[in-house]
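The values are calculated or read from the model by the stated rules, or taken from the named source; none is laboratory data. These numbers were taken from a predicted model, which means no experiment stands behind them. Note: ideal-geometry Cβ built from the backbone for every residue, glycine included; neighbour counts use all protein chains shown. Ligands, DNA and RNA are stripped out before the accessible areas are found, and what is left, the full protein with its side chains, is counted by its heavy atoms. Shrake-Rupley method; radii C 1.70, N 1.55, O 1.52, S 1.80 Å.
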Amino acid sequence: MARLIGLVTLTGSPALAQEALVTAQLGNAVEVVDLATKKILQSIPVSGAPAGIALSPDRKTAYVTRPEGHGVAVIDLEARRVSGSLDLPGGPLGIGVNPTSGEVYVADWYGARVFVLSPSADGLKREGEIATGQSPSGIAVTPDGATLLVANRESDSVSIIDVANRRETRRVPVGQHPFGLTLSADGRFAYTANVVSNDVSAIDVAAGRETGRVATGQRPYVIALAAGRGFVTDQYSNTVTVFDPATLRKLAAIDVGDHPEGIAATRDGKTVVVANWGDNALSLIDTSSLTVTGTIATGDGPRSFGDFLR
């Protein structure tokens, strides 16, 4: 299966990150990386080209999509091993977790649907699916767990979904080929990285409308929010664009590694972690000085789609 382009970014505020969980897609592994010592603590074999990742509300379990294995792997992060799996049809890629119920949502890249999975002592169970636009990718859930947002790459839109009724209530037009999707901490605003139009769309979630855009580098992928700023990975520019979410003004462009993809911020907001697909490394960005303060070597093809800091 050809390598999929695009990324999911999730809502939520992880605990102060000491570990990064890196989906090394070409290496068929999920790596546990210590951010302080800059070392790989363990490489957990995960077949099927692992890509998307999301963590349970208690941060003890990771759910990882396997686009070429057509399913989701479940990782026990305390034991650092795969504890289960669930087969899914289509192309499972983007993934998110409801912060209140623990439900798991998986976007079918080849369809127009999101699978709803329920975790239990016996493993993940498929409970149903929700119709979306074409090629759903980035997923985010509001802090109250009531609203699910999905970036529809081929439909140039974002689906706003009522979780209780499992149905789309609004579809918001955005830029060309939105992929990465993230929410403000209060869940009021969403931001999509529009891969083809080279910009970020801001969405008022309650109003269900786009409120503006900010220009980025080439092929924006995912967005992280920290220290009152937005940070966007630009795959083809090898940069991270920094913008003001309030004014949608571009503030800076930071040089990082080759082909940056996944991005997330530590809970204290002081560091942004970037997964550079092309040179097998993480870049650490200081959100105050807007400079790269360190790099960490990883396995082959780091992507880290989604919620990957623990």
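Quick notes on this structure:
- The single residue among 185, 190, 140 that is closer than 22 Å to residue 251 by Cα and crowded, with 21+ Cβ neighbours inside 10 Å turns out to be 190.
- Residue-level analysis places residue 101 among those that are part of a loop (DSSP other than H, G, I, E, B), more than 21 Å from residue 261 (Cα to Cα) and among the hydroxyl-bearing types (Ser, Thr, Tyr).
- Looking across the range 265-281 at every residue that is open to solvent by 10 Å² or more (accessible area, probe 1.4 Å), hydrophobic (A, V, I, L, M, F, W, C) and part of a strand (DSSP E or B), the one that is nearest to residue 19 (Cα to Cα) is identified as 265.
- Residue check: residue 262 meets all listed conditions (1) under 14 Å from residue 179 (Cβ atoms); (2) of a type in the set (Gly, Ala, Ser); (3) not in a strand (DSSP E or B) but one, namely (3).
- Every residue from the range 166-182 that is assigned to a loop (DSSP other than H, G, I, E, B), open to solvent by 60 Å² or more (accessible area, probe 1.4 Å) and touching a residue at least 24 places away in the same chain (Cβ under 8 Å): 166
- Any hit, the range 238-247, residues being of a type in the set (Ser, Thr, Tyr), open to solvent by 40 Å² or more (accessible area, probe 1.4 Å) and on the phi < 0 side of the Ramachandran plot: yes
- The listed residue being at pLDDT 95 or above and under 18 Å from the mean Cα position of the chain (by Cα), out of 248, 225: 225
- Of residues in the range 282-301 being surrounded by fewer than 19 Cβ atoms within 10 Å (Cβ to Cβ) and outside any strand (DSSP E or B), the one nearest to the chain's Cα centre (by Cα): 300
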